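The values are calculated or read from the model by the stated rules, or taken from the named source; none is laboratory data. Just so we're clear, the structure is a prediction, and the values are computed from it rather than from any experiment. We place every Cβ from the backbone using ideal geometry, glycine too, and count neighbours over all the protein chains shown.
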Amino acid sequence: MRVAYEEFWQIPQWTQQIFYVAAAVSSLSLVIGIVSQILKWQKCRGSSVWQWSGLLEKFLVYIVGHKKIRRKKPEGIIHALMFLGFTGLFIATSILAVETYVIKSGLLENWRYLTFSFFADIVGIVFLTGTCIALYRRLKYGKKEDELRPEAITVLSVLIVIGLTGFLAESLRIAGMGLPLHESWSVMGYLIALVIGAAHVAPGQLESGHLVLWGTHAFFSLGMIAVIPYTKLFHMVVSPANILLSPLPEQALTVLPLMKNLEQQQEIGAYHAVDIAWKDAMEGNACTNCRRCEEHCPAFLTGKSLSPRTILQGLRTAVNSGNDLLNGQLVNSDGVIAIDAVWSCTTCGSCVEQCPVSDSPLKQIMSLRVGLTSRGYVPAIAAKALEGLQSVGNPWEFEPVKRYDWANKFRLQDIPDEEIEVIYWLGCGVGYDNRIQEIAAATMGILTKAGVKYKTLADLEVCCGDPARRMGEEALFQSLARQNQQNLAKYSNKVILTHCPHCYHVLKNEYALLGLEINVVHHSQFIMELIDDNKVCLQEPWEQKVIYHDPCYLGRHNKEYSNPRQVIESAPNHKLTLLEFEENGDGSFCCGAGGGQLWLESEMGERINYHRFDQAEEKQPDVIATACPYCKIMMETACSFRGSKIKVKDISELLEIS
Amino acid sequence: MGEVWVYVEALNSGDIELVSLELLEEGIKIANSLGSNMYAVVFGHKINHENIGRISQYGVERALVLDLPELAEYTTEAYCQAMVQLVQSRQPSIIMIGATPDGSDLAARVAAVLKVGMVSDCTDFKLDPQGRLKMIKPVDGGRAQATFETKGTPQIITVKENSIGLGRPTYKYMNIEHLEVKINQSKVRTRVIELLKGDPRTIDLEEAEKILSGGHGVVGSDQWEQMQQLADALGATLAGSRMAMDCGNIPRERLVGQTGKTVRPKLYIAMGISGASQHIGGMKESEKIIAVNMDPLAPIMKMADLQIQADVAELLPVLAAELELRKGNIETVKGAF
Amino acid sequence: MRIFVCVKPLGAKAAPEITKNSVAQGVVGQFLTINPPDRSALEQALLLKRQLDNVEVIVISLGPSNAREILEICIKMGADKAVHLECEDTKLDAYAVAKELSKKIKQEIFDLVLCGSTSVDWNGFQLAGILAHLLDVPQITSVSEMEMQKSNRILHASRKLKRGARQIVECNLPAVLAVESVIQAPRYISVHTRIKQFLSEPLLETVGVDCQAISSESLVELVEIGPRRPRTKKTIVPEQNMSFQDKMKFIKSGGVSSKKNDVLKGNVSDISHSILDYLEKENLLK
């Protein structure tokens, strides 16, 4: 017997013909499905941003390597099994097709055939293992009310049937061939064949059994291919495509597109389904309902009406079925996404951090906000903050002089411009709350002691634009940015220092989109440099257990996790023990103030900052340390609500204790 | 020199608007400086004589009273016609009116009919050497102060309540002139359908004149019960800080602060409120602030007109009792007349 | 039904220049705003437009040439037409402005004229009254709600009186109503709405007016403007509760309580007395 692939073993002509017809129909269905979906996406008028860079890395690390998918265990590993299995089987089938129709003979023979057989069976085993465990878990742990449950069970069952019938058909063939030794490389098939052989089934029956199972296998396989575009299996096509065309995950949060030429557009933002971009519509389909975003979303976890997943699914439904996009009292329509959900987002970025298919619910929410805000549909308190930004340059409507007059004791304006090294960017918080003034005062104290020559922009500074941009007021953000740009221009060779991660993020990443490169440094980074240079030296020792809360805009958005921790641990003469939250680093749980939430405050559910504070209390710290003025206010509010003795301090204030 | 008139606005309840009383003494001073007479001008129907008597407590010697059925309820055109006819017959040089919704409404129309200038919502006024009235008011959201003079006679001014304050009563014998005018009913084109009194318990915080607000320091439903009773006794509206709302003691509509209401009442009493910036932002423009807190260094203290270090739990019942006592006394005193 | 809405533009030029605008260098602070009560008036008109059939909302404003921006915004927000009476003088008093507005409105058919109770810069409180007299129609001021009755010629308006009281007043149209607030807060005017191209030129009518002639109609003259110097308020204290030292302190202080008070401590009974005395002194005890 030849050691080679025998195509269509004992499959009669008529069956083969039916097979070809079915294959053609199935392929047609697949193509039509994909094309019609693309046509639906193309109805969207927005301009897409395709990120072509890093294709190889995206492919190897995130698609094949499953890097983000594997973060969640064991689901990630199980999917890896299914993926490897399915991909392997796909490769195996493709090789067979090449052998049968292109090369016609010679490829799959001898050692190549044996290797191939082994490979094919292994991946088959992996595939079946994955799908069976998945189905078991879905049946055991899946919630009965979940409307996605029936489809999941059906699809998994079909895949398992395909796998099983594949092995059974193979084993019947091997048995029918008389169990030739070289077929033992098809390990699973050979094993089952041994069992069948032991049952002494007649050859005729083996062949007819094989035909039936082969036919069943073909039916379900071709059927599965045909329905890919119409079921959750579509993610196999769309999700990898989305990963390849989206930014690299580590850049996903900093590369937020800028809207240009606002004056020339009568309408901006996503208000109707067709306002979104092609790519965003695709993101809707790429979403596999895995719920990782929900499991890390501070709004969702505290009972707000927002789920990042349903935002994406809402886009998907609206694009595919032509529904209205939004619903809510102000907009007088009943679309698929509730306005309340849109306004509940804190822009913490966890959803983007977690999404294994490189979707960005955050980006979609921002587009929706731009659509609402540009048309004036903003909640009243947020409107007041935005009007304050328009009229006096800060969201709390205080007189501009209040931003800096508290700092007069530092006598900063006396130093001539040529001598200064650092411009201290005050931010708006210092004019509003004395708790934030404390942060700035502490930082300035450190700078003064270290002999750094610095000054502030005084009344030339207006809000960096973060609240405006996060609330969707894109045009206001751009006009604030342009104003700041004009006033920062003469200091372009200086270091801009800020204690606020929101300002830091905007100045560093978003002003660059408007053409201004600013050398901006967060105070945790600058202070760490001063400590390294031994310029900061304090007398009194202070022993405390300090738990560090990663601010979203310093951590997730700008990947700065280490400097603040180093400041805590290397604070000179202090013995500060660094504690960590369960959810820390890139998994840090938001304080709840970002995304304009100080003005959008949602009514529902639990308060996000109380939730985070309770997480801190579990670790029994003496101090909660943070590096963001918003985080400090939110943690302090929670602290006094809970009546706790824990102190809340910014890292700059830790050094000032003496 | 022409007469100086102070328009006295009577409330439907029979009381007199505070600002009208505040203006009486001032009107007399101005009239004396000009060497002329001050008249208190009262419009209405079936006017309560006790009410008119109250005017005489502020040194008023002359009153002009128009008691006509057409003037039973305030309507712009009826009152305007009445005022205009009086002006045309007596030619006063100055008319001072309290800046109330009705007062401002009347003043504007009267000034337009007479084609003279009017300055509203003033907080101060002075006579200049020529005998013209200089009218002073805050402008640009209170950031500046402007002084105006009007053209024509009479000079009409409306004055904000609580800018002048109430002087000590000086009883004088008051001579009342009852006058008549003809009102053209076909030119009275508005009708009052209904008057709904504001109940401090239910009105919007932004309209409340007195607010009793509780924070973290007011603990438990018993204390909040006492707060409501105290509020009722004071005629104040109950409100609270974020903490109070999060504990479920007040509903969202009663929240004072950045994400709640911004209020400008005459009186804001903060019980057990520390004064975080989010709260202060919502009440810092209150005219008078009383702060009660266990912590004398609480941020709210330094903005309070009356700072009190006390335990809210102890203070509430005692304050309520004392208030009851005083009200009882006042009733007795009133009854004596 | 034709509703005229009078709006006043506020901005760097129109507002009093007493405080130095320190952000004068850039974009912030240079946007013209619509006087907020007028904004409410416009919102009220648009509300009526949504509720009734055949309502035309025409915005009218007297202001310098750059005030055109405000009228464009009003049309972008939903007004049907706008009339800009161009006059560079921003120091006109209410009578002069009302005279000019009424001249234009009298030339048209009008059923209702809405404006804000007052303007937040000068706080005049007069425009509605003067306008109503010059147009010889009834007026209702301090309006918080309005409802047309079935005949569409009779209006019921709710007036905001003090201490939360409301007065329902009925009047026949045409009339002038001064709007204090609206049931639905006015929509936010986004920067995009301000800067996007204005494509409805034909809807905006610009009329040149004789500034000199108008200002001669002024009845109020600004004498001077300066920093706030509030008048000292008179207070009286029930004499029986004051000790001699307190009376002397009180007389010396001129009857004014300064905010730099000491914190009152002690037993709650004394504290209660102090609180109630204070309230009596300030006329806050009914």
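Brief remarks on what is shown
- Any hit, region A:284-293, residues being surrounded by fewer than 23 Cβ atoms within 10 Å (Cβ to Cβ) and at positive phi: yes
- Residues that are at pLDDT 90 or above and of a type in the set (D, E) within region B:42-66 comprise just one, B:E61.
- Of residues in region A:507-538 being within 21 Å of A:S652 (Cα to Cα) and of a type in the set (V, I, T), the one surrounded by the most Cβ atoms within 10 Å (Cβ to Cβ): A:I527
- Residues in region B:274-321 that are within 14 Å of chain A (Cβ to nearest Cβ) and hydrophobic (A, V, I, L, M, F, W, C): B:A276, B:I280, B:M294, B:L297, B:A298, B:I300, B:M301, B:M303.
- Answer residue from region C:103-118, given it is surrounded by fewer than 21 Cβ atoms within 10 Å (Cβ to Cβ) and not hydrophobic (A, V, I, L, M, F, W, C) and is farthest from C:S61 (Cα to Cα) among those: C:D111
- Flag if A:M634 is buried (at least 19 other Cβ atoms within 10 Å of the Cβ), within 14 Å of another protein chain (Cβ to nearest Cβ) and not polar (S, T, N, Q): yes
- Screening region B:158-198 for residues that are without any contact (Cβ under 8 Å) to a residue 40 or more places away in the chain and at the interface with another protein chain (Cβ under 7 Å from one of its Cβ atoms) and picking the one that is nearest to B:L21 (Cα to Cα) gives B:R168.
- Among the strands (runs of 3 or more DSSP E) confined to region C:69-166, the ones with at least 3 residues that are touching a residue at least 24 places away in the same chain (Cβ under 8 Å) are located at C:81-86, C:112-116, C:139-148.
- For beta carbons closer than 7 Å, sequence separation of 6+ or different chains, a first residue in region C:182-195 that is within 14 Å of A:N261 (Cα to Cα) and at the interface with chain A (Cβ under 7 Å from one of its Cβ atoms) and a second that is among the acidic types (D, E) and in a loop (DSSP other than H, G, I, E, B), the qualifying pairs are C:V191/A:E473.
- Condition check for A:L368 on (1) surrounded by fewer than 22 Cβ atoms within 10 Å (Cβ to Cβ); (2) touching a residue at least 60 places away in the same chain (Cβ under 8 Å); (3) more than 23 Å from A:H66 (Cα to Cα): one failure, at (1).
- Any hit, region A:604-625, residues being surrounded by fewer than 19 Cβ atoms within 10 Å (Cβ to Cβ), among the small types (G, A, S) and not in a loop (DSSP other than H, G, I, E, B): no
- Tally, over region C:139-149, of residues that are surrounded by fewer than 24 Cβ atoms within 10 Å (Cβ to Cβ) and either at the interface with chain B (Cβ under 8 Å from one of its Cβ atoms) or at pLDDT 95 or above (or both): 0
- A:A382 vs. criteria under 31 Å from the mean Cα position of the chain (by Cα), among the aliphatic types (A, V, I, L, M) and either at pLDDT below 85 or not in a loop (DSSP other than H, G, I, E, B) (or both): yes
- Residues being surrounded by fewer than 22 Cβ atoms within 10 Å (Cβ to Cβ), within 13 Å of another protein chain (Cβ to nearest Cβ) and not polar (S, T, N, Q) - total across region A:637-658: 4
- Within region A:409-440, the set of residues being of a type in the set (S, T, Y) and within 14 Å of chain B (Cβ to nearest Cβ) comprises just one member, A:Y432.
- Among the residues of region C:219-241, the one identified as in a loop (DSSP other than H, G, I, E, B) and either modelled with pLDDT of 90 or more or more than 14 Å from chain B (Cβ to nearest Cβ) (or both) is C:L219.
- Which listed residue, of A:P180, A:P203, A:P150, A:P229, is in contact (Cβ under 8 Å) with a residue 60 or more places away in the chain and exposed (fewer than 14 other Cβ atoms within 10 Å of the Cβ): A:P180
- Test: A:L244 is within 30 Å of A:G515 (Cβ to Cβ) and in contact with an Asp or Glu (Cβ under 8 Å, 6 or more places away or on another chain): no
- Only one entry of A:T443, A:T448 meets the criterion of being of a type in the set (V, I, T), outside any loop (DSSP other than H, G, I, E, B), surrounded by fewer than 22 Cβ atoms within 10 Å (Cβ to Cβ) and away from chain C (no Cβ under 12 Å), and that entry is A:T448.
- Note on region B:322-331: residues that are closer than 11 Å to B:Q229 by Cβ and within 9 Å of another protein chain (Cβ to nearest Cβ) amount to 1.
- Among the residues making up region A:386-403, those that are assigned to a helix (DSSP H, G or I) and either more than 9 Å from every other protein chain (Cβ to nearest Cβ) or in contact (Cβ under 8 Å) with a residue 24 or more places away in the chain (or both) are A:L386, A:G388, A:L389, A:Q390, A:P400, A:V401, A:K402, A:R403.
- Exclusive hit being assigned to a helix (DSSP H, G or I), buried (at least 21 other Cβ atoms within 10 Å of the Cβ), β-branched (V, I, T) and assigned by TED's automatic domain parsing to the domain that holds B:I164, set B:V19, B:V41, B:V84: B:V19
- For region A:578-603, the tally of residues that are assigned to a loop (DSSP other than H, G, I, E, B) and either at pLDDT 90 or above or within 25 Å of A:C503 (Cβ to Cβ) (or both) stands at 15.
- Looking across region A:371-385, just one residue is buried (at least 23 other Cβ atoms within 10 Å of the Cβ), hydrophobic (A, V, I, L, M, F, W, C) and within 7 Å of chain C (Cβ to nearest Cβ), and that is A:V378.
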